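Everything on this sheet refers to the single structure shown next.
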Amino acid sequence: MPTDPPSTDAPLAVSVALCTHNGSAFVGEQIRSILSQVPAPAEIVVGDDASSDGTVAVVRSIVEQHRAEHPGSAIALRIIERDRPLGVTRNFEQTIAACRGDVVALSDQDDVWPAGRLARLLPVFDDAAVLLVHTDARLVDAGGQDSGARLLSTLEASPRERELLEHGDALDVLIRRNLVTGATVLVRRALAERSMPFPESWVHDEWLAMMAAVEGGLRLVPEPWLDYRQHGANVIGASEVTWARRFERLREPRDERAPRLVARAAALVERLQERPEQADALQLARAKLAHERARAAMPGWQPLRLPAIIGAALAGRYSRFSRGAIDIARDLVQPATRRGGR
């Protein structure tokens, strides 16, 4: 297996993988916040997914203005323009693959990096065992005003989950559910490269986080080092979970979610089978896959699910591989299909 280079006194070169699609309304502010970082990134690599609103022109204009105002700036800009959209995960995969830095900072088009972000997060990589760093984030509105909400709170991350993520025991958390948001992530390029190709059933940030966790290299920095803009048109966003939303989730049909969870677990098992040094993680992934397959195979009529649910709960599989009581409730009440479906 490829290994990361040993730590040296030379500063890590940072690439920013910025993926865009019709983001002209907000991308200028994000580019400015990246350009103003100290230390500065070595390069910004933009993967533009067939924008038609002048997004690329905005990026070029802001970078040219920065260079005019800072003649000594050495930040390179490379733009990959695509005629046909790849979608979020494939766009990030190909954009990350084009990066040349030691560390790749993932960037959405509509967020803002607070001053001092790279200065705070890069030293975490002084530990050669660290492969991926993620943070909490402030949820801000379309105008950039702090809503008062924090990303990990909206994801209902427990104190125990946060503690495990901070101290490198992330696999026990991520085998249950994802708590890593790509816009907050810095990842060693070597880890990203050996994690490719990203499986079709996984989102790019979830997969990178899982691969880092498998190797014991994921770390959470609990401070909110990102302004995560929520403007109503986010491809992947975050919002506070209300009781109405909880009830809505209990009524979501199982015919889409259950097969997706099986496919994700199967993809993880398949990848780990290629890594004999990760025997413990493979055993855990196989148990996760068996759990999700058992859930997917439950009868359509809710009362008939009770024996399987009770058995899995008593065996501790819901607490080990799912969200405990939340997923027990889902399996008890969720309909098999949408009304009018099969």
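Each Cα pair under 8 Å and six or more residues apart adds its sequence gap; the mean of these over the residue count of the chain is a relative contact order of 17 percent.
From least to most packed, judged by other beta carbons within 10 angstrom and beginning with the fewest, Y228, Y318 follow the order Y318, Y228.
Relative contact order of the stretch 132-290: what whole-number percent is it, with Cα pairs under 8 angstrom and at least 6 residues apart?
Working: 198 pairs, mean separation 50.7, N = 159.
Dividing the mean separation by the residue count of the stretch 132-290 yields 32 percent.
Phi angles of the stretch 287-302 translate, via the Karplus equation with coefficients 6.51, -1.76, 1.60 and θ = phi - 60°, into HN-Hα couplings of 5, 4, 4, 4, 4, 5, 5, 5, 5, 5, 8, 5, x, x, 7, 3 Hz per residue; Gly and Pro are given as x. Couplings 3J(HN,Hα) of the stretch 118-130, computed from phi: 5, 4, 7, 8, 4, x, 4, 7, 4, 7, 4, 6, 7 Hz, in residue order, whole Hz [Karplus 6.51 cos²θ - 1.76 cosθ + 1.60, θ = phi - 60°; x for Gly and Pro].
Rounding to the nearest 20 debye, state how big the charge dipole of the chain is about its Cα centre with +1 on each Lys and Arg Cβ and -1 on each Asp and Glu Cβ.
Working: 43 positive and 46 negative charges, 325 e Å.
The dipole of the chain has a size of about 1560 debye.
Less than 5 angstrom separates the built amide H of A137 from those of L151, L152, all sequence-distant by 5 or more or on a different chain. Sorted ascending by nearby beta carbons within 10 Å, beginning with the fewest, F92, F247, F321, F198 become F247, F198, F321, F92. Taking Cβ atoms as reference points and 10 Å as the exclusive limit, the residues near P224 contribute a net charge of -2, counting Lys and Arg as +1 and Asp and Glu as -1. Computed from backbone phi, the HN-Hα couplings of the stretch 15-32 come to 9, 9, 9, 9, 9, 10, 7, 6, x, 4, 5, 10, 5, x, 5, 5, 4, 4 Hz, rounded to whole numbers (Karplus: 6.51 cos²θ - 1.76 cosθ + 1.60, θ = phi - 60°; Gly and Pro given as x).
Checking (i) 1.19; (ii) 0.99; (iii) 1.04 against the coordinates, the calculated Cα Rg over 2.2 N^0.38 Å falls under label (iii).
Bear in mind these aren't lab numbers, they're just calculated from the coordinates by the rules spelled out. Predicted model, so just to flag it, every value in this text is computed and none were measured. Ideal geometry is used to build each Cβ from the backbone, glycine not excepted, and the neighbour counts take in all protein chains shown.
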